[in-house]
Amino acid sequence: MSDIKSVLPLAGANCINIIALGINIPLLSFYVVTLGGGEFEAIVIFAIFSAASFLTAPFWGRLSDNIGRKPAIIIALSITIISYIWLGLADSITEIFMSRILAGVSSGWMSIPLAYVGDVTSKENRAKGMGLIGAGFGIGFTIGPFLQAILVGSKDNPNFTLPIMTAVGFVTLGLLIIMFFVKEPKKHHANDRKISRGIFKDKNVTSLLAIYFCVFLVWTGFEGVFALWCLREFNLGPADVGMFLGFGGIITALVQGGLIGRLVKYYGEAKIVIIGVIILAVALMVLQQADEIWMIYAAMGMFGVAMGLHTPAMQSLFSRIAPEGRQGEVMGAAQSANSLARVIGPAWAGAVFVGYSHDMPYLMGAIFLMPILVAIYMVTNRLRAV
């Protein structure tokens, strides 16, 4: 189980599951508004999912270390299917929020595959393996939003149930692929609890977690307000948002599927992380100044490049510095940092969006990334010898 080919079935299944997620994400804000919610509720719907994910991510990491990666993913996906069915049948804002909480509780299927990659790949191929999982995200967030744009119908008479139930079908297919085609790697049992307690005392791990959190704080702020920004600034609907996100997903897939492995081998993870954050800051500034549709596409392309570079490079660094037998726990901690950012990011961006101006979250995000770049340089410079 040491060859990079071991990752392919899991990457394929993960891609299918991300298609489902990509179907649901563009329509959530509009779904909430249609059922009578306000702008802030339409933004916070993203945070509620992430709050549940944040609280449960360490559990999924430890569970996969103990019972195996494959069984843990199967359990998580089974619960996710139930949450999507509930979302599709919801007829109140309360049900939408409750279904998203359940989806967040079961979101371990997103972080466990990263631990799987750490189990079955060598250090030399780890970034490439992370890139394959990341490419699944990119492809999924390309196909999913495009499908949503087709299935949701017109802005004035949207059909939310059809795309959400289509998402249920995709997750079910992904679950079947996991069950029948993914092989379980060697299990990592959590025998040394001192190592477990020491993970968060490790300076390298905590520094990377802080950086990961800060970058995703900005990224999720953008995600949280983007749909309503399109509505308020350009009077666009869920189909239009799906097209923008689909375009960004194409770029991400191209970067993570064909470039990231070679770029990391040539430049190293540290430089790629820095380059990704610089491009993210530029993309935010372009979006903040956008007054024509083509500028939105330009910004989305840059977002695709930025996160296509940054995320797998960071995940490779996490995997490389994780204590032996603690891949799942470290990746779970990274998912928790991501999830915490997804709680706070939409909340702060939504407050600024509603209280000040629709463009202000993008400007503030770009400014916030400047000192983060300095911190990234200092931390990754220390990690070059790791």
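The values are calculated or read from the model by the stated rules, or taken from the named source; none is laboratory data. In this text the structure is predicted, and so the values were computed from the model without any measurement. We place every Cβ from the backbone using ideal geometry, glycine too, and count neighbours over all the protein chains shown. Side chains included, ligands, DNA and RNA excluded: accessible areas come from the protein's heavy atoms. Shrake-Rupley method; radii C 1.70, N 1.55, O 1.52, S 1.80 Å.
In whole percent, what relative contact order does the chain give with Cα contacts below 8 Å and a gap of six or more residues? Please list the in-between numbers first.
Working: 713 pairs, mean separation 110.7, N = 386.
Computed value for the chain: 29 percent relative contact order.
Between Met165 and Val354, what is the label-to-label distance in nm when each label sits 7 Å out along the Cα-to-Cβ direction?
3.3 nm
If r is the Cβ-Cβ distance from Ile150 to Glu292 and R0 is 25 Å, what FRET efficiency results, to the nearest 0.05? Spell out each step's value before the answer.
On the way: r = 25 Å, r/R0 = 0.98.
The computed FRET efficiency comes out at 0.55.
Find the accessible area per residue for region 1-108; the probe is 1.4 Å, ligands and nucleic acids are left out, and the unit is Å².
On the way: 3600 Å² over 108 residues.
Using a 1.4 Å probe on heavy atoms only, each residue of region 1-108 averages 33 Å².
Springs between alpha-carbon pairs under 10 angstrom, Gaussian network model over the chain: which of Ile75, Ile101, Ile133 fluctuates most?
Residue with maximal mean-square fluctuation among Ile75, Ile101, Ile133: Ile75.
How much of the accessible area of the chain, probe 1.4 Å, is carbon plus sulfur, in whole percent? Kindly include the intermediate steps, with their values, before the conclusion.
Details: 9820 of 14700 Å².
In the chain, the share of accessible area belonging to carbon and sulfur is 67 percent.
Mind giving me the nanometre distance, one decimal, between the label points for Arg382 and Leu259, set 7 Å out from Cα along Cα→Cβ?
In this crude spin-label approximation the distance works out to 3.0 nm.
Below 8 Å between Cα atoms, with a sequence gap of 6+, how large is the relative contact order for region 53-119 in percent? Don't skip to the end; give the middle numbers.
Values: 64 pairs, mean separation 31.7, N = 67.
RCO, region 53-119: 47 percent.
So what is the accessible area of region 339-386 per residue, in Å², with the probe set to 1.4 Å?
On the way: 2300 Å² over 48 residues.
Here the residues of region 339-386 average 48 Å² of exposed surface.
Positive end of the dipole of region 79-184, charges at C-beta (+1 Lys, Arg; -1 Asp, Glu), about the Cα centre: which of Ala90, Leu162, Phe180 has its Cα farthest in that direction?
Of the options given, the answer is Phe180.
Could you run the Debye sum over the Cα atoms of region 108-170, one equal point scatterer each and no solvent, and tell me log10 of I(q)/I(0) at q = 0.13, 0.18, 0.27, 0.29 Å⁻¹, two decimals?
The Debye formula, applied to the Cα set alone, gives -0.51, -0.73, -1.08, -1.15.
If you fit an axis through the alpha-carbon atoms of helix 123-151 and take the longest principal axis of the Cα set of the chain, what angle between them do you get, 0 to 90°, nearest 10?
20 degrees
Just to confirm a number: summing +1 for Lys and Arg and -1 for Asp and Glu over residues other than Leu10 whose beta-carbon lies under 12 angstrom from that of Leu10, what do you get? Walk me through the numbers before you get to the answer.
Working: positive: Lys5, Arg69, Lys70, Lys183; negative: Asp119, Glu184.
Within the 12 Å Cβ shell, the charges total +2.
When you take every Cα atom in region 1-116, what is the radius of gyration, and what is Dmax, the widest Cα pair distance, in Å?
Computed over the Cα atoms of region 1-116, radius of gyration and Dmax are 15.4, 52 Å.
Would you mind getting the accessible area per residue of region 134-184, heavy atoms of the protein chains only, 1.4 Å probe, in Å²? If you can, show how the numbers build up before the last one.
Details: 2350 Å² over 51 residues.
On a per-residue basis, 46 Å².
On a 30 Å Cα-Cα criterion, which of the cross-link pairs Lys70/Lys271; Lys183/Lys271; Lys186/Lys271; Lys128/Lys203; Lys183/Lys203 come out too long? Display every interim value, and only then the final one.
Numbers: Lys70/Lys271 33 Å; Lys183/Lys271 34 Å; Lys186/Lys271 32 Å; Lys128/Lys203 26 Å; Lys183/Lys203 34 Å.
With Cα atoms farther than 30 Å apart: Lys70/Lys271; Lys183/Lys271; Lys186/Lys271; Lys183/Lys203.
In whole Å, what are the Cα extents of the chain along the three principal axes, biggest one first?
Answer, in whole Å and largest first: 55, 43, 35 Å.
Based on DSSP H runs of at least 4 residues, each adding -39500 (n - 2.57), what is the mean residue ellipticity at 222 nm of the chain after dividing by all its residues, to the nearest 500 deg cm²/dmol? The partial results should precede the final answer.
Details: 16 runs with 315 residues, N = 386.
That calculation yields -28000 deg cm²/dmol at 222 nm.
Arranged from highest to lowest average of other beta-carbon atoms within 10 Å per residue, in what order do the peptides 107-116, 76-85 appear? Working shown, then result.
Working: 107-116: 27.4, 76-85: 20.3.
Final packing ranking: 107-116, 76-85.
To the nearest µm²/s, what D does Stokes-Einstein give for region 239-360 at 20 °C and 1.002 mPa s, using the Kirkwood radius over alpha carbon pairs as Rh? Mind dumping the intermediate values first?
Details: Rh = 16.0 Å.
Calculated translational D: 134 µm²/s.
Length gain on complete extension for the stretch Leu55 to Ile67, per 0.36 nm per residue less the alpha carbon to alpha carbon distance? Present the calculation step by step, with values, prior to reporting the outcome.
Working: separation 12, 0.36 × 12 = 4.32 nm, distance 1.98 nm.
Length gained, Leu55 through Ile67: 2.3 nm.
What order do you get for 220-227, 272-279 when each peptide is scored by the mean count of other beta carbon atoms within 10 Å, highest first?
Ranked from most to least packed, the peptides come out as 220-227, 272-279.
Mind jotting down the distance between the C-alpha centroids of region 260-319 and region 69-122, whole Å?
26 Å
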